[in-house]
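The values are calculated or read from the model by the stated rules, or taken from the named source; none is laboratory data. On a predicted model such as this, the values are computed, not experimentally measured, just so you know. Note that each Cβ is placed from the backbone with ideal geometry, even for glycine, and that neighbours are counted across all protein chains shown. The protein model used for the area step is the full one, side chains on, heavy atoms only, and it has no ligands, DNA or RNA in it. Shrake-Rupley method; radii C 1.70, N 1.55, O 1.52, S 1.80 Å.
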Amino acid sequence: MKRIKIVGLTLALAAVSLAHAAEPISIGFQKGSGLLAVLKAQGTLEKTLGAQQRQVRWIEFPAGPQMLEALNTGSIDFGSTGAPPPVFGQAAGVDLLYVAAEPAPVSSEAIFVARDSPLKNLKDLKGKRVAFQKGSGSHFLLLVALQKAGLSMRDIVPIYLGPAEARAAFVSGKIDAWVVWDPYFASAQQAYAVRVLADYQGLPQANGFYLASRKFVQQSPQLLSTMLEQIRATGQWAASHPKDIAALIGPLTGLPPEIVATWQGRTRYGAVPVTADIVANQQRVANLFYQQKLIPKAVTVAGNVWLWKPKAP
């Protein structure tokens, strides 16, 4: 009888293991944007994880905040965003972990106006309608740019819009300025001959992050390490092959080659562990949003970091 019970238990555990192995890893990405979009286009992650009998399910999002909502509900296991979305996510109770970081953007995101706009500098934004995605990297750029100009968010009229809606508002003249990232920024430069008021040059910068649900990290730490190793390797290749990346990504976006070339020429690719310095910088981002009363409570970044130890090259 004991032997039968043991065999039955073994078979049950094996069935559970196979069921778990068959579950796809759900990854959030933004169309054509970032290393995850590159990996999706290449199919390299599917090949890497296929060796471990795991499938990949890709889910597209218009921006980071929507991706964090999906992470919170368990719709995705992993994704990448700019610095602000996880701060807003933490403040809202999302159980996320920072698992890797990528280089801070410099000129791939900007505050701009129409070429014939009477607004000549950041100070001229006072009292004006400025569109941006709430809780995104653009939100942070606008915040620090206004500070440098001696203004605050209370001095402008914030218009919270996703990229597609903001484009329509910009074209119709319903907003005075738009803050957005590439490829939307590069597309606007080409289509509307915009005038840039500021990008991150000369301003505090913030890393992008790879994020995962705590549940996924706890259940599959080795699998996550494998994913990050592939992302790191792809980032090293992408950083030195901008033309190849443009040829790969361009058809997915439907954008003209010249826009893709501009966008890729200023994109910074990479994936590194979340170091103490990166944590400290992200904490400054979080503190700034809390000081400006843009998040409901203070958050501590260090308590939500998973230490990735890359393999030696």
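Provide the per-residue ³J(HN,Hα) series for the stretch 75-88, in order, calculated from phi with Karplus coefficients 6.51, -1.76, 1.60 and θ = phi - 60°, each as a whole number of Hz, with x at glycine and proline positions.
Ordered by residue, 3J(HN,Hα) equals 6, 10, 9, 7, x, 9, 8, x, 5, x, x, x, 5, 4 Hz.
Under 23 Å Cα to Cα from Lys126, which lysines show up? Leave out anything in the same chain fewer than 8 places away.
Leaving aside lysines fewer than 8 places away in the same chain, those within reach of Lys126 are Lys134, Lys148, Lys174, Lys293.
Which one of Ser117, Gly93, Gly135 has its Cα pushed farthest toward the positive end of the charge dipole of the chain, where Lys and Arg give +1 and Asp and Glu give -1 at the Cβ?
Value: Gly93.
Under a Cβ-only charge scheme (Lys and Arg +1, Asp and Glu -1), can you give me the dipole magnitude of the stretch 188-313 about the Cα centre, in debye to the nearest 20?
With only Lys, Arg, Asp and Glu charged at Cβ, the dipole is about 380 debye.
Working from Cα positions, state the angle (0 to 90°, nearest 10) between the long axis of helix 163-172 and the longest principal axis of the chain.
20 degrees
If you put +1 on each Lys and Arg Cβ and -1 on each Asp and Glu Cβ, how big is the dipole of the chain around its Cα centre, in Debye rounded to 20?
The calculation lands at about 540 debye.
Per residue, how many Å² of accessible area does the chain show with a 1.4 Å probe?
On the way: 14640 Å² over 313 residues.
Accessible surface, normalised per residue, equals 47 Å².
Over the stretch 119-165, what relative contact order in percent results from Cα pairs under 8 Å that are six or more residues apart?
Rounded, it is 52 percent for the stretch 119-165.
Once both axes come from the Cα atoms, what is the angle between helix 2-22 and the longest principal axis of the chain, in degrees from 0 to 90, rounded to 10?
Relative to the chain, helix 2-22 is tipped by roughly 20 degrees.
When the accessible area of the chain is computed with all protein chains present and a 1.4 Å probe, what percentage of it is carbon and sulfur?
Result for the chain: 55 percent of the exposed heavy-atom area is carbon or sulfur.
Lysines near Lys311 by alpha-carbon distance under 30 Å, same-chain residues fewer than 8 away left out - which ones?
Lys31, Lys40, Lys47, Lys215, Lys243
Residues in the stretch 45-66 near a label at Trp237, defined as backbone nitrogen under 14 Å from the 7 Å Cα→Cβ point?
Inside the label zone: 45-49.
Just need the relative contact order of the chain here, percent rounded to a whole number, with Cα pairs under 8 Å and 6+ apart.
Working: 524 pairs, mean separation 78.3, N = 313.
Normalised by residue count, the contact order of the chain is 25 percent.
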